[in-house]
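For reference, the structure discussed in these notes is given below.
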Amino acid sequence: MNKLLKLSAVLIIVPLLIATQDDSDWPSLSYLRSDYKAVSVVAHVRIEKAEITSHVGGYENWKINAVVLESFKGPLKKGTSFEYFHGAEAGFKQDYFSGEKLVFLLSERDKEQQTHYSVLENSTLPYTKDRAMKLRTIQRSMKRHRGK
């Protein structure tokens, strides 16, 4: 009986430990799908330039210039250079706003009908092949739903 109890404990605890150590599956497909649905643009971008434009309380507003490497949703196509805005807690290092990212962007039109983009809060992710594969899966499923 003692061996059976120990074996049961191992069979329950080991998978939980493995799951908590391996964040390669994060974020989940459902998490990404929720963010995907909430925005106008989802893209894999390379950040070319980032600068702080203003400070508000303990936050900073960043203006980001980027180039689209792959578009998953919205009007921005591969090779398009554009700018977007990212609000963040004060103190983020410039390095955070560099390299390749997956961005989820809200869009807004001003009085002159120009489109301005800003990030969906807590949605910008470092690019990984796994995350891009999940976004392609979501993109295909959304196209199928629109086609019906």
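Only the coordinates and a few stated rules stand behind these numbers; no lab work does. Please read all numbers here as calculations on a predicted model, not as lab measurements. Positions of Cβ are generated from backbone atoms using ideal geometry, with glycine treated the same way; all protein chains shown enter the neighbour counts.
Using the count of nearby Cβ atoms within 10 Å as a rough guide to exposure, how do His116, His55 rank from fewest to most?
In order of increasing Cβ crowding within 10 Å: His55, His116.
What does region 25-147 give for Rg and for Dmax, in Å, if only its C-alpha atoms count?
Values for region 25-147 (Cα only, Rg and Dmax): 14.5, 46 Å.
If you take the beta carbon distance between Lys143 and His55 as r and set R0 to 30 Å, what does 1/(1 + (r/R0)^6) give as a FRET efficiency, to the nearest 0.05?
Values: r = 41 Å, r/R0 = 1.38.
After rounding, the FRET efficiency stands at 0.15.
What order do you get for Tyr127, Tyr36 when you list them from fewest to most C-beta neighbours inside 10 Å? Display every interim value, and only then the final one.
Values: Tyr127 17, Tyr36 21.
The order, fewest Cβ neighbours first, is Tyr127, Tyr36.
If neighbour count is taken as other Cβ atoms inside 10 Å, put Tyr96, Tyr84 in order from fewest to most. Write out the running numbers ahead of the final one.
Numbers: Tyr96 15, Tyr84 23.
Exposure proxy ranking, most exposed first: Tyr96, Tyr84.
Where in region 81-96 is the amide nitrogen less than 17 Å from a point lying 7 Å along the Cα-to-Cβ axis of Asn122?
Answer for this model: 87-90.
Taking θ as phi - 60°, what are the ³J(HN,Hα) couplings along region 81-98 by the Karplus curve (6.51, -1.76, 1.60), each to the nearest whole Hz, with x for Gly and Pro?
For region 81-98, the Karplus curve yields 8, 7, 10, 9, 10, 9, x, 8, 4, 4, x, 5, 6, 3, 4, 4, 9, 9 Hz.
Report the full-extension gain for the segment Glu112 to Lys129: residue separation times 0.36 nm, less the Cα-Cα distance, to one decimal in nm. Mind showing how you got there, number by number?
Working: separation 17, 0.36 × 17 = 6.12 nm, distance 3.82 nm.
Taking Glu112 through Lys129 to full extension adds about 2.3 nm, to one decimal.
Residues with beta-carbon under 12 Å from that of Ser71, excluding Ser71: net charge, scoring Lys, Arg +1 and Asp, Glu -1? Intermediate results must be reported in sequence, preceding the final value.
On the way: positive: Lys73, Lys77, Lys78, Arg136; negative: Glu70.
Neighbour charge sum, excluding Ser71 itself: +3.
Put a dot 7 Å past each Cα toward the Cβ at Thr80 and Glu48; how far apart are the dots in nm?
Between Glu48 and Thr80, the label points sit 1.4 nm apart.
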